[in-house]
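Report on one structure; see the data block that follows.
The values are calculated or read from the model by the stated rules, or taken from the named source; none is laboratory data. Owing to the predicted nature of the structure, the values given are computational and were not obtained by experimental measurement. Virtual Cβ from ideal backbone geometry, glycine too; neighbours counted across all protein chains shown.
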Amino acid sequence: MTDNTPVDPVLLEQLKKLQAKYNAMGQDLSSYLDGLLYADYLTYWDYIHLDTLLSLQNPKTQFPDEKIFILYHQITELYFKLILHELEQITANPQPGEAFFIDRLDRVIRYFRHLENSFDVMVQGMEKEQFLKFRMALLPASGFQSAQYRMIELYSTDMINLVSLNDRPGLQGAPIPALLEKLYWRSGATELASGTKTLTLRQFEQKYTTEFQEAGERLKSTNLLQLYQTHFSASPQREAIVARLREFDTLANVLWPLAHMRSAGHYLHKSPEDIKATGGTNWQKYLPPRFQKISFFPALWSEQELQEWGKAAFMETAAK
Ligand code: HEM
């Protein structure tokens, strides 16, 4: 049976364009149209690989709340990926315009706000008794080993700003490998009793040091701080850009770390003596932003604000 309905001229026009496109690559359009005839319609579940995604939560214990722990870590890593997706586009753009820079920073800020606001899923959302048991089956793995978290830092600032405060004076202008040795997080995940690096830290360093060094070299002149200094520090939109950089700095280096620290306080809080006795780490000295004083954009803060880094937010949190 033939269909005598005349072919829509819009369709004919589209066919002509398709033919030109495929001819240009030496391809036979007709064969591709055959493929279209036989192909299935795309479904939601195939497009986002839903079955794979939902098969990636595999607890190590029988405690139901361990699934919450896995899912929320995965959700956080996906948000980190969204953040890196934006930072990658900003830093790969040789001439980022103001509107582009502002818009992409807004996206990064939006993602970080979600992360900060949702951290209660960890603090309130699991039974402490279950957490304290299932976490023993997960040792020595730790969120500390999140490489995406470290990559966000490397995309955002010069490596010197990620070096422990005490080591900075001697390392101004030092090459990337020397800075890498003294990054602030290399003093985290350390045994409180002996001061030695935990397996958590050693395995992390072994797997990622080369990758971090390459990123440090690659981003030396294109990280966010450098882009700001080169393109925007004298621009008419400077104020709007500075406001966003400061908000990003606060979210990444004060508010998220504080939200995260509340979970360590809630589940792991013990006196330093008890922590020592149970082979715990130095997290009480390491996690508080007011001790680390990491800022991606120190020149955008006053001396006093840097001195009191995280203090006001900490007092607010402690009063809750
Ligand atoms: C109940 C929930 C959690 C607890 C009790 C907890 C505990 C800790 C502790 C104690 C540390 C310090 C390292 C150490 O001493 O071993 C740490 C570091 C870290 N955790 Fe968590 N964590 C929790 C949830 C999460 C989640 C959901 C993420 C998301 C990926 C995460 C990411 C990190 C990161 C990135 C660090 C390194 C922070 C830094 O270097 O400043 N944690 N965590």
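Here the condition is being modelled with pLDDT under 95 and hydroxyl-bearing (S, T, Y); of T190, T222, T157, T209, it holds for T190 alone. Only one of the listed residues (I68, I75, I83, I48) is of a type in the set (A, V, I, L, M, F, W, C), surrounded by fewer than 12 Cβ atoms within 10 Å (Cβ to Cβ) and under 30 Å from Q148 (Cα atoms). That residue is I48. I'd like the full set of residues that are within 16 Å of the ligand (Cβ to nearest atom) and hydrophobic (A, V, I, L, M, F, W, C), limited to the stretch 99-123. Scanning the stretch 99-123 gives F112, L115, F119, V121, M122, V123.
Identification of helices (runs of 4 or more DSSP H) wholly contained in the stretch 161-248 with 3 or more residues that are closer than 21 Å to P140 by Cα yields 199-218.
Can you tell me which of G195, G188 is under 19 Å from the mean Cα position of the chain (by Cα) and not basic (K, R)? Being under 19 Å from the mean Cα position of the chain (by Cα) and not basic (K, R) holds for just one of G195, G188, which is G188. Tell me yes or no: at least one residue of the stretch 272-283 is modelled with pLDDT of 90 or more and surrounded by 15 or more Cβ atoms within 10 Å (Cβ to Cβ). Yes, the stretch 272-283 has at least one match. A single entry from S235, S302, S295 fulfils the requirement of being farther than 30 Å from I68 by Cα and buried (at least 18 other Cβ atoms within 10 Å of the Cβ): S295. Reported count of residues in the stretch 79-125, each being outside any helix (DSSP H, G or I) and under 30 Å from A264 (Cα atoms), is 3. From the list R113, R107, the one residue that fits, being over 16 Å from E153 (Cα atoms) and touching a helix residue (DSSP H, G or I) at 6+ places or on another chain (Cβ under 6 Å), is R107. Across the stretch 162-178, not a single residue is classified as under 15 Å from the mean Cα position of the chain (by Cα), within 15 Å of the ligand (Cβ to nearest atom) and either over 15 Å from L219 (Cβ atoms) or modelled with pLDDT under 95 (or both).
Being over 30 Å from A234 (Cα atoms), within 23 Å of the chain's Cα centre (by Cα) and free of Cβ contacts under 8 Å to residues at least 24 places away in the same chain, is that true of even one residue in the stretch 35-48? For the stretch 35-48, residues over 30 Å from A234 (Cα atoms), within 23 Å of the chain's Cα centre (by Cα) and free of Cβ contacts under 8 Å to residues at least 24 places away in the same chain: present. Scanning the stretch 126-150 for residues that are over 28 Å from E86 (Cα atoms), part of a loop (DSSP other than H, G, I, E, B) and within 9 Å of the ligand (Cβ to nearest atom) yields M126, P140. Contact map, the stretch 292-320: residues that are of a type in the set (S, T, Y) paired with residues that are assigned to a loop (DSSP other than H, G, I, E, B) and at pLDDT below 95, Cβ distance under 7 Å, separation 6+ or inter-chain. Pairs shown: S295/W309. I'd like the full set of residues that are of a type in the set (A, V, I, L, M) and within 16 Å of the ligand (Cβ to nearest atom), limited to the stretch 288-304. Across the stretch 288-304, the qualifying residue is only I294. For Q284, the criteria (1) near the ligand (Cβ under 10 Å from one of its atoms); (2) over 13 Å from V123 (Cα atoms); (3) free of Cβ contacts under 8 Å to residues at least 12 places away in the same chain hold in every case but one, which is (3).
Quick check: is even one residue across the stretch 246-254 under 23 Å from the mean Cα position of the chain (by Cα), closer than 24 Å to N93 by Cβ and of a type in the set (A, V, I, L, M)? Looking for residues that are under 23 Å from the mean Cα position of the chain (by Cα), closer than 24 Å to N93 by Cβ and of a type in the set (A, V, I, L, M), one finds at least one in the stretch 246-254, hence yes.
Of the helices (runs of 4 or more DSSP H) that lie entirely inside the stretch 1-62, those containing 2 or more residues that are more than 30 Å from R135 (Cβ to Cβ) span 9-24, 29-38, 44-47. With respect to the conditions (1) of a type outside the set (S, T, N, Q); (2) modelled with pLDDT of 95 or more; (3) crowded, with 16+ Cβ neighbours inside 10 Å; (4) away from the ligand (no atom under 14 Å from the Cβ), P96 lacks only one, and its number is (2).
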